[in-house]
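Chemist: The following block contains the structure, expressed as structure tokens.
The values are calculated or read from the model by the stated rules, or taken from the named source; none is laboratory data. These numbers come from a predicted model, not from an experiment. In this analysis, Cβ positions are derived from the backbone assuming ideal geometry, glycine residues included, and neighbour counts consider all displayed protein chains. Side chains included, ligands, DNA and RNA excluded: accessible areas come from the protein's heavy atoms. Shrake-Rupley method; radii C 1.70, N 1.55, O 1.52, S 1.80 Å.
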Amino acid sequence: FNLGCRENDAGNYDLAVQHWMISAKLGHEKSLIKVKGFFMAGLATKADYAAALRGYQSAIEEMSSPDRAEANQINLM
């Protein structure tokens with residue numbers, strides 16, 4: 001995510017999108033939001049955003065489990 005931010009600041013938008021797509025596919029929500037913003041601004045393609053969204057959803061599904069949900073409920077008590 002941070003590499004994407006640095007590339008964005010340097011004006012390297014294509015590299016920024018690539019870095020954010022990688023971290024979005026690993027489940028980083030802020031990266032997905034950045035890719036979406038770039039898509040809305042015309043700096044990323046629809047395919048880029050779709051791939052980032054699919055990867056993000058897949059990563060979130062892989063990280064979820066009944067044991068993790070139970071642990072979160074215990075921590076909230």
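Residues are listed down the side, and each one gets a yes or a no for (1) modelled with pLDDT of 95 or more; (2) in a helix (DSSP H, G or I); (3) in contact with a Lys or Arg (Cβ under 9 Å, 6 or more places away or on another chain):
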{"residue": "Gly4", "(1), (2), (3)": "yes, yes, yes"}
{"residue": "Ala16", "(1), (2), (3)": "yes, yes, yes"}
{"residue": "His19", "(1), (2), (3)": "yes, yes, yes"}
{"residue": "Ile22", "(1), (2), (3)": "yes, yes, no"}
{"residue": "Ala50", "(1), (2), (3)": "yes, yes, no"}
{"residue": "Ile74", "(1), (2), (3)": "no, yes, no"}
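Chemist: Another one. Checking the structure you have, find out if any residue of the stretch 14-23 is within 10 Å of the chain's Cα centre (by Cα), aliphatic (A, V, I, L, M) and open to solvent by 60 Å² or more (accessible area, probe 1.4 Å).
Modeler: Yes.
Chemist: Right, something else. So, of the residues in the stretch 33-46 that are assigned to a helix (DSSP H, G or I) and open to solvent by 70 Å² or more (accessible area, probe 1.4 Å), which turns out to be farthest from Gln18 (Cα to Cα)?
Modeler: Filtering the stretch 33-46 for residues that are assigned to a helix (DSSP H, G or I) and open to solvent by 70 Å² or more (accessible area, probe 1.4 Å), the one farthest from Gln18 (Cα to Cα) comes out as Met40.
Chemist: For Glu61, state whether it is of a type in the set (D, E, K, R), without any contact (Cβ under 8 Å) to a residue 12 or more places away in the chain and open to solvent by 80 Å² or more (accessible area, probe 1.4 Å).
Modeler: yes
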